[in-house]
1. Quick one: what are the phi-derived ³J(HN,Hα) couplings along region 433-447, Karplus 6.51/-1.76/1.60 with θ = phi - 60°, whole Hz, x for glycine and proline?
2. Considering only Thr105, Ile80, Ala61, whose Cα is most displaced toward the positive end of the charge dipole of region 45-117, charges sitting on Cβ of Lys, Arg (+1) and Asp, Glu (-1)?
3. Give the long-range amide H neighbours of Asp321: residues separated by 5 or more places, or on another chain, with amide H under 5 Å away, using H modelled in the peptide plane at 1.01 Å from N.
4. For Pro63, what charge total do you get from the other residues with a beta carbon under 12 Å from its beta carbon, if Lys and Arg give +1 and Asp and Glu give -1?
5. Averaged per residue, what accessible surface does region 71-221 expose to a 1.4 Å probe, in Å²?
6. Could you give the length gained on full extension between Glu671 and Glu281, defined as 0.36 nm per residue of separation minus the Cα-Cα distance, in nm?
7. Regarding region 387-471, what whole-number volume in Å³ per residue does the convex hull of its Cα atoms give?
8. Taking θ = phi - 60°, what integer Hz values does the Karplus form 6.51 cos²θ - 1.76 cosθ + 1.60 yield along region 265-273, in sequence order, with x for Gly and Pro?
Amino acid sequence: MSGVNWEGWQGPLIDATNHLISNFFKQLLGLSTSLPSHSLFIAQGGIPSGGLGLYRPGARAIPDFVLTMAKASNYAEHGIRFHAEAPNYILPSSICSLYNLASNTSSLTLQRFRLALPTIALIAVSHKVPSDQRIDHFLNRTSTNSARHRLRLHTSYTTTSLIYNETPTHLRHILPGALSSHTSYPLIQMSRSNTKHRLNNFDFTIMLKRKLVLPLYHPASAPVCKCGTTHDIYGHHHFRCTRISKKFVHDYINTQALQPVLQQVLRTAGITDNSSPVQTEVPHHIQQQPLLRPFDIEYQPNHALGDSNLPPSHFAICGADITIDHCPDPPSTSALEDISLYTANAERCLQTAEKRKFTTMGNSTVTGNTMTREDVLHTLSTNAKLLQIWAICPYGGMGPMLRRFLFGDDPIRPLSFTPNKPHAAKMYLESLQSSAPHGILPLANASWSSSRPAHQKFYGHSYTAPTPRIHFLQQFGLACTKAFAIHLRRPTRTQQAPQASSGTARAPPGLSSPFSTDRSSCSVVDFDLASIVEAVEAAYEKWSTDKMLDQRGKLHPERRKLCIKRVVERHLAESQKGEVENLQLQLHLSSVQAHAAGAEVENTLKSEINNELSGQGVLHSSSEQIDQNIAVVKSVTAEHREKNQHECKEEIRQLQRRIDEITLEGEKRDEILVHNEKAQIATFERLQVDIANHSESMKEAAAARLTLPWALNKVEKRAFGLLFRVIENNDPRITSTESAAQEIQAEKVAFFKFLDLVEKKDMEALMDLFLKDNF
């Protein structure tokens with residue numbers, strides 16, 4: 001106990017607590033094996049260190065024991081203070097003697113306390129106090145909160161060391177990104193009263209597995225990429241493959257995280273005023289190419305405002321180009337033990353992405369663009385515009401330039417450029433100057449603490465976000481979490497069939513998830529209305545998050561209600577057609593039954609008359625008697641037949657009136673549907689003319705109008721129609737469970753083909769897809 005491995009104290013209660021935490025995550029994530037030790041330590045790491053902040057009993061047992069005993073001993077020796085101006089209350093000597101080792105030499109508790117005291121006091125007391133005085137300072141002068149804070153920092157450092165030691169060697173290089181504090185907040189410490197802070201089950205499961213460095217796929221069911229490579233089980237290929245676009249991740253983080261919250265924090269830090277908004281992708285910065293947008297996000301700094309202590313800025317506009325990088329490669333040195341080497345390796349990878357953005361132009365969307373990156377940087381520098389490169393790794397780790405902008409941290413090793421890139425080197429050096437905005441979160445914290453409004457106790461309107469720093473990290477981490485989860489959930493071209501499992505959990509219909517080892521493909525026979533509604537809502541929530549602008553997002557609930565209403569109307573119309581067919585069949589059967597009833601009555605009467613005659617002994621009746629008998633039979637038969645036909649005709653007239661009513665209702669509904677289809681076709685044709693006659697910019701605008709209102713309506717009809725056909729099993733193409741699954745898979749392929757065309761804005765392919773009615 002005297003300083004030897006007290007951070008890893010063992011005991012039955014500690015083992016039981018660790019087992020309880022491990023079993024909780026095993027059941028929550030559907031793991032087939034126990035939680036690995038490195039994942040357990042990540043869960044028990046502090047949130048500022050990138051963990052989940054759960055209780056780690058092995059590191060808290062001895063410090064809590066020593067702190068409690070030190071406080072009790074202080075009360076026994078000096079008394080209890082109830083008020084600052086009142087004298088201390090001295091406890092009875094019989095109680096005080098219990099906490100004195102000289103008078104209570106047999107106490108094992110006091111012996112253990114004195115044994116652990118030197119080690120704990122060395123950590124819990126400020127380093128400014130001489131080492132030989134720290135025990136006395138700890139017992140008599142150091143406050144419990146200060147001591148606990150220093151012990152927590154020390155424990156956090158030791159927990160991080162344990163994480164690196166327990167993590168397999170081939171995964172250690174991703175830990176600097178995985179242990180980012182801002183990606184921990186959305187999982188465990190954000191106010192859920194705000195619905196925007198909530199994660200759906202799929203996203204939460206994916207990101208929790210990534211935070212704990214667990215596999216996303218079972219090795220036997222890992223999907224196959226468009227490039228033909230089988231995805232690795234941790235999902236790293238999603239960010240490394242050049243055929244998988246990361247544009248959505250880039251745009252979502254830019255518009256949903258940085259733009260709104262950065263505008264708020266910059267104003268709090270005194271770098272911008274209320275008349276200077278933070279904007280995204282603004283053109284007309286380059287006179288030669290006005291449509292080029294060198295800044296993903298930009299603002300106009302004014303350091304003369306508020307409490308900002310930055311020197312006056314000579315930049316007219318400051319902004320950044322955001323890039324989403326891939327995971328770093330493992331370090332070349334084998335058996336690395338120093339955490340700083342892994343951190344430097346991750347920073348070097350992000351710096352490579354920064355340098356690549358500074359020196360290469362990338363894929364320009366402007367037709368006829370002949371400018372190089374050096375030309376763009378030279379123009380921006382001449383116009384006093386500062387461009388920074390903010391690199392983000394797939395786990396949310398920040399590049400050195402972004403960290404300097406937010407926290408004021410300098411890079412471990414600054415970038416260097418070749419002599420043929422003078423403007424890139426100049427722009428990079430300008431971003432390192434003191435006049436360039438940096439350390440905005442500490443500035444915002446200082447400004448907020450000195451000028452906090454009396455009515456606003458917490459900056460983020462919740463006790464979980466009390467300061468600008470924590471509020472920014474929470475919002476940034478939330479956007480990164482959602483963007484990365486959706487990117488990982490997006491489908492690949494082909495996917496291997498999942499292995500069968502005995503688990504009871506299943507994904508929504510047609511949307512089986514590969515992110516759990518005990519989830520299998522869902523059978524069509526398991527469909528029910530609740531699961532269909534869940535599947536449709538999940539699919540359209542993903543579609544709206546992936547592809548829609550802000551305006552589209554606001555209209556999403558209304559359009560979904562309209563879609564459901566239209567599908568229900570069509571379903572009712574099909575049901576009425578089926579009712580008409582049933583009534584026509586009943587009409588035919590009534591007519592047949594009427595003739596059959598008449599013939600049956602005639603035969604019955606003949607049989608009864610013959611039996612009666614036979615019973616009376618009339619074996620050979622005369623022809624006149626026979627004729628009379630036949631006449632009687634025909635008379636009775638005709639009377640009964642007439643009565644039967646009259647009743648049948650009345651029933652037939654009632655059925656016919658019902659058929660006419662239903663047919664009229666169906667025709668009215670068909671007219672409405674035809675009118676809607678004609679209006680949509682007219683809109684489509686009008687947009688085709690717009691696309692053919694207008695410029696490139698008008699073509700993009702018309703493409704957006706075409707793909708959002710018209711094509712989405714077509715997608716909705718197809719998707720809902722398939723689901724209702726599966727429910728009623730009245731689709732002639734669906735003859736078995738297997739064929740139904742194949743039909744659903746075909747619909748999914750067509751649906752995601754449409755999304756890919758929308759993302760690429762391939763108008764010709766979209767027109768072919770719609771005009772040929774392949775979708």
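The values are calculated or read from the model by the stated rules, or taken from the named source; none is laboratory data. Owing to the predicted nature of the structure, the values given are computational and were not obtained by experimental measurement. When we count neighbours, we look across all protein chains shown, and the Cβ atoms used for this are built from the backbone with ideal geometry, even at glycine. What goes into the accessible areas is simple: the full protein's heavy atoms, side chains included, and nothing from ligands, DNA or RNA. Shrake-Rupley method; radii C 1.70, N 1.55, O 1.52, S 1.80 Å.
1. 6, 5, 6, 6, x, 7, x, 6, 6, x, 4, 5, 4, 5, 5
2. Ala61
3. Those lying under 5 Å, H to H, from Asp321 are Asp296, Gln388, Ile389, Trp390.
4. +3
5. On the way: 8220 Å² over 151 residues.
Spelled out: the 1.4 Å probe surface of region 71-221, per residue, equals 54 Å².
6. Taking 0.36 nm per residue and subtracting the Cα distance, the gain is 135.8 nm.
7. 121
8. 3J(HN,Hα) across region 265-273, in whole Hz: 6, 4, 5, 5, 6, x, 8, 10, 10.
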